[in-house]
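These notes concern the structure reproduced below.
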Amino acid sequence: MHHMTLAEIARGLADKKFSSEELTRTLLARIAQLDPQINSFISLTEDLALAQAKAADARRANGESGALLGAPIAHKDLFCTQGIRTSCGSKMLDNFKAPYDATVVSKLAAAGTVTLGKTNMDEFAMGSANESSWYGAVKNPWNLEHVPGGSSGGSAAAVAARLLPAATATDTGGSIRQPAAFTNLTGLKPTYGRVSRWGMIAYASSLDQGGPLARTAEDCALLLQGMAGFDPNDSTSIDEPVPDYSASLNGSLQGLRIGVPKEYFSAGLDPRIADLIHASIKELEKLGAVIKEISLPNMQHAIPAYYVIAPAEASSNLSRFDGVRFGYRCENPKDLEDLYTRSRGEGFGSEVQRRIMVGAYALSAGYYDAYYLKAQKIRRLVKNDFMNAFNEVDVILGPTTPNPAWKLGAKNSDPVAAYLEDVYTITANLAGLPGLSMPAGFVDGLPVGVQLLAPYFQEGRLLNVAHQYQLHTDWHTRTPTGF
Ligand code: GLN
C-alpha cells in the first residue's frame, strides 16, 4: 500500500479497494517502524489522522468525491496547526501550540486530506541539509550517512522513504527543489503569491513560498490544486484564477522552446551531473522540444544578494521571538534585558543567530545603502535577466544542485560552502518565479535533480513538461533500498 502515489490512492479510494482509515493505519505503523532511522517527523498526529480518515470515508460513503479526499499527507512544521505543536524546528517554539490553522492547512483539510504529522526541518527554514533542526538531523533514505537536503528535509525524506505519498514544504531559496533533488522526488515552488503564506511562520517574507513535494509531477499537480489560490489574509497573495493543473499534464511538448543558460555549466558543477542534465535534454528533444542556449549574466551575483536580503528579513521577522510575545523563556531572568538576551541566546541555534546578526548588520544605519539597497538592485537585475530569457524561450532547464547530497557534517564548519550549493535555486526566489525539480538519474547511488523554471503563473507548464518526461523515464519510480 505504501508504494502508491496520490493519484493511485485516489483511484483506489474511489474504487473502494481500501478505505482511508486502513491506509492511514498502515502508514502510521510504517512510520513507527521506519522513521527512527531517518528522523523525518517532529510530531505525529495519530488521533487527528484517524479522525480525519474516518470523516473522509464517511464523506465518500455519502457520495462525495475528490482526488485528495482521504489522502494521507504531512505538513512541514512551520505551517501552523491549531492545537498542535508548530516548532519550526526550533527550541524557541518547542512549546508553541498554534491557535489557528495556516490557510494551506485548512484548505487541504477541507479537501479531505489526512494529516499524519509535522515534518522535521532546518531551524526556521535556514539551511540546505536539515542538520540545524533542534530535533536532530534528518537522514537521506538513499544513504543514511548523507543529508536529505533542506530546509524541507523531513518532508522529503518521509516521502522518499514511502512513509507517505506527499507532503507540504516551503522554498525561500531552494528548500523544496533541493531536497527533492537529493531524495529523488518531484518538488514545485510556485510563483510568489500563488500559495498563501498566512500561518506559515516567516523566514524571509519576500522570498518564502509554500508548495508540494511528491514522487511525481502528477501528484504535485493534485497537491498544488489543494494549496493554491487567493487569500485575503495574505496581502501578497495574488487574486488570479487557479487553473486545473491535472488537465494540462498531457499537453504535447512539440515545439516547446527550452532555454539552457550557458552560465549553468561552469566549473562548480559536478561533471557527472552535467552529463545527466544533457541526457535529460536529449530525452525532451525526442519529445519535440527545441533547445536554445541562453544567458543569465547576473546569476553570479545572486548568492551574495540573497544572503543579504534573506537574513535582513529574517532579523526583522524573528524579533518577535523574545520570550515575552512568543517562544521559549529562560529560567530566572535577572531583569528585562537578561530575559531577552538569554531567552534568544538559549532558544535559537547557532545558524539562526548567525543570520540574525548578519541581517541586523546589513540593515543598520550606514550599512543599509552598501548592502541591503545594493542587494535589492541585484535582485532587479536577476529578474530582468529572466524576463529577457522568457522573451525567447518557454522554460529554462538546468541542474537543481551543483553536487549530490553531501555527507552529514561535511559542511558544518563552513556555512559559506553550504550557501554556495544554492546557486541554481535562489534566483527563482529573487525573481518570484515558479520552479520545479524532478529526478534525472544517480551519481554514486545518490539522486540527481533537473530543474525547470517558467514565467509567472506557469506552474501548469512546468508540471506538463515534468509529467511528459516522467511518462518516458523511470528515474522517479526508483525506491531506496530498505524502504
Ligand atoms: N538554503 C537556503 C537558506 O539557507 C534556502 C532555505 C530555504 O529555501 N528555506 O537560506
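In table form, for the structure just shown:
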{"read-out": "³J(HN,Hα), Karplus 6.51/-1.76/1.60, whole Hz, each residue of the range 395-412, x for Gly, Pro", "value": "9, 10, 10, x, x, 7, 9, x, 9, x, 3, 8, 6, 3, x, 5, 10, 5"}
{"read-out": "Within straight-line cross-link reach of Lys377, aspartates and glutamates at Cα separation under 13 Å, skipping those fewer than 8 residues along the same chain", "value": "Asp369, Asp385"}
{"read-out": "Neighbour net charge for Ala158 - beta-carbon separation under 11 angstrom, K R +1, D E -1", "value": "+3"}
{"read-out": "For the range 92-140, alpha-carbon Rg relative to the globular expectation (2.2 N^0.38 Å, N residues)", "value": "1.37"}
{"read-out": "Compactness index (Cα Rg / 2.2 N^0.38 Å), the range 343-483", "value": "1.31"}
{"read-out": "Gyration tensor verdict on the range 315-364 (Cα atoms; rounded if a/c is under 1.5, prolate if a/b is larger than b/c, oblate otherwise)", "value": "prolate"}
{"read-out": "Burial ordering of His301, His476, His75, fewest other beta-carbon atoms within 10 Å first", "value": "His301, His476, His75"}
{"read-out": "Sequence-distant residues sharing a close amide H with Gly117 (under 5 Å, placed H)", "value": "Thr45, His75"}
{"read-out": "Ellipsoid semi-axes in whole angstrom, largest first, where each is sqrt(5λ) of the Cα gyration tensor of the range 77-186", "value": "22, 16, 11"}
{"read-out": "Calculated diffusion of the range 267-425, Stokes-Einstein form, Kirkwood radius summed over Cα pairs, 4 °C and 1.567 mPa s, µm²/s", "value": "68 µm²/s"}
{"read-out": "Footprinting exposure proxy for His467, His3 (fewest neighbouring C-beta atoms within 10 Å first)", "value": "His3, His467"}
{"read-out": "Neighbour-count ranking [beta-carbon atoms within 10 angstrom, fewest first] of Ile309, Ile84", "value": "Ile84, Ile309"}
{"read-out": "Evaluated over the range 97-250, the Cα radius of gyration and Dmax, each in Å", "value": "14.6, 44"}
{"read-out": "Value of Rg to Rh for the range 226-307 (Rh from inverse mean 1/r over Cα pairs, i.e. Kirkwood)", "value": "1.09"}
{"read-out": "For the chain, the Rg and Dmax computed from alpha carbons only, in angstrom", "value": "21.1, 70"}
{"read-out": "Set Lys91/Lys139; Lys76/Lys282; Lys54/Lys97; Lys54/Lys91; Lys16/Lys139; Lys91/Lys374 screened for pairs whose C-alpha atoms are more than 28 Å apart", "value": "Lys76/Lys282; Lys54/Lys91; Lys16/Lys139; Lys91/Lys374"}
{"read-out": "The range 161-230, relative contact order in percent, only Cα pairs under 8 angstrom and at least six apart counted", "value": "39 percent"}
{"read-out": "Percent of alpha-carbon pairs separated by more than 14 Å within the range 17-88", "value": "64 percent"}
{"read-out": "Hull volume in cubic angstrom per residue (convex hull over the Cα atoms of the range 170-227)", "value": "71 Å³"}
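Read-outs: derived from the displayed coordinates by stated rules, not from any lab. A quick note: this is a predicted structure, and the numbers were derived from the prediction, not measured. Here Cβ is always computed from backbone atoms with ideal geometry, including for glycine, and neighbour counts include all displayed protein chains.
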